[in-house]
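The values are calculated or read from the model by the stated rules, or taken from the named source; none is laboratory data. A quick note: this is a predicted structure, and the numbers were derived from the prediction, not measured. Every residue, glycine as well, gets a Cβ built from its backbone with ideal geometry; the counts of neighbours run over all protein chains shown.
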């Protein structure tokens, strides 16, 4: 956990993420939390609920501090699981109550690999950056200034692709250029890249650096959780 505090006041009418969440929640009639609360109160409530310390406590810590105490194992033995029965439920009572399949089930994604688009496209985060927000920071970009398309060495050889080649990445949603990193550290049926690059309008440092993975993602959500299907896309790669 880390504390980031603003160095300068927001410019050009920028809003906090909390304000977007708050406005959406109020429009949707969400009333479980008092979203008219100031941002710092929201952070204080979230910290106390999550880790048991308040915002003032976090600000008062003298730099990097270990406050975790002893690691607790097998906590479920004392408190149970977060289910109505407090047990691990192979048959989910909560799913059944909502008319959903209460048993674990697998269904292949409709956007998986095909003869036209044979590779799964996955993405991951870079530890030096924060999602897609920090690519206009020239100091961070000195360490990691662009992303590459990771590709299995055997599959790259079959396609005549070498390390460092600029290739086309394509599916039904987009076509873009990417620089290839040939490696054995990725599955033969998968290609992948670091998330957050490929900006078109963020700023002079971020603009045009690397390739955006999001343009290849189907605009869908998982039907039960509502999570974005951001690892369901498939692509083809060619020179």
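Might you let me know whether the stretch 80-100 holds any residue that is closer than 30 Å to residue 170 by Cβ and in a loop (DSSP other than H, G, I, E, B)?
First pass over the stretch 80-100, keeping only residues closer than 30 Å to residue 170 by Cβ: none.
Within the stretch 80-100 (the criterion being closer than 30 Å to residue 170 by Cβ and in a loop (DSSP other than H, G, I, E, B)), the answer is no, since none of the residues qualifies.
Out of curiosity, is residue 187 in a loop (DSSP other than H, G, I, E, B) and at pLDDT 95 or above?
Details: in a loop (DSSP other than H, G, I, E, B): yes; at pLDDT 95 or above: yes.
For residue 187, the condition - in a loop (DSSP other than H, G, I, E, B) and at pLDDT 95 or above - is met.
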Exercise for the section: Give me a count of the residues in the stretch 53-74 that are modelled with pLDDT of 85 or more, surrounded by 10 or more Cβ atoms within 10 Å (Cβ to Cβ) and under 30 Å from residue 86 (Cα atoms). Expected result: 2
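For the stretch 145-157, enumerate the residues that are surrounded by 18 or more Cβ atoms within 10 Å (Cβ to Cβ) and either under 16 Å from residue 209 (Cβ atoms) or modelled with pLDDT under 95 (or both). Write out each step before concluding.
The initial filter retains those residues of the stretch 145-157 that are surrounded by 18 or more Cβ atoms within 10 Å (Cβ to Cβ), namely 147-152, 155-156.
Within the stretch 145-157, 147, 148, 149 meet the criteria.
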Practice task
Being in contact with a helix residue (DSSP H, G or I) (Cβ under 6 Å, 6 or more places away or on another chain) and free of Cβ contacts under 8 Å to residues at least 60 places away in the same chain is the filter here, so list the residues in the stretch 106-133 that pass it.
Solution key: 128
Fill in the blank from the handout: Selection from the stretch 119-158 of residues in contact with a strand residue (DSSP E or B) (Cβ under 6 Å, 6 or more places away or on another chain) and closer than 14 Å to residue 189 by Cβ yields 119, 120, 121, 122, 150, 151, 153, 156
Fill in the blank from the handout: In the stretch 190-208, anything touching a residue at least 60 places away in the same chain (Cβ under 8 Å), in contact with a strand residue (DSSP E or B) (Cβ under 7 Å, 6 or more places away or on another chain) and in a loop (DSSP other than H, G, I, E, B) is listed as 195, 206
Completion exercise
Just one listed residue, out of 101, 171, is more than 30 Å from residue 239 (Cα to Cα), surrounded by 10 or more Cβ atoms within 10 Å (Cβ to Cβ) and in contact with a helix residue (DSSP H, G or I) (Cβ under 7 Å, 6 or more places away or on another chain), and it is 101
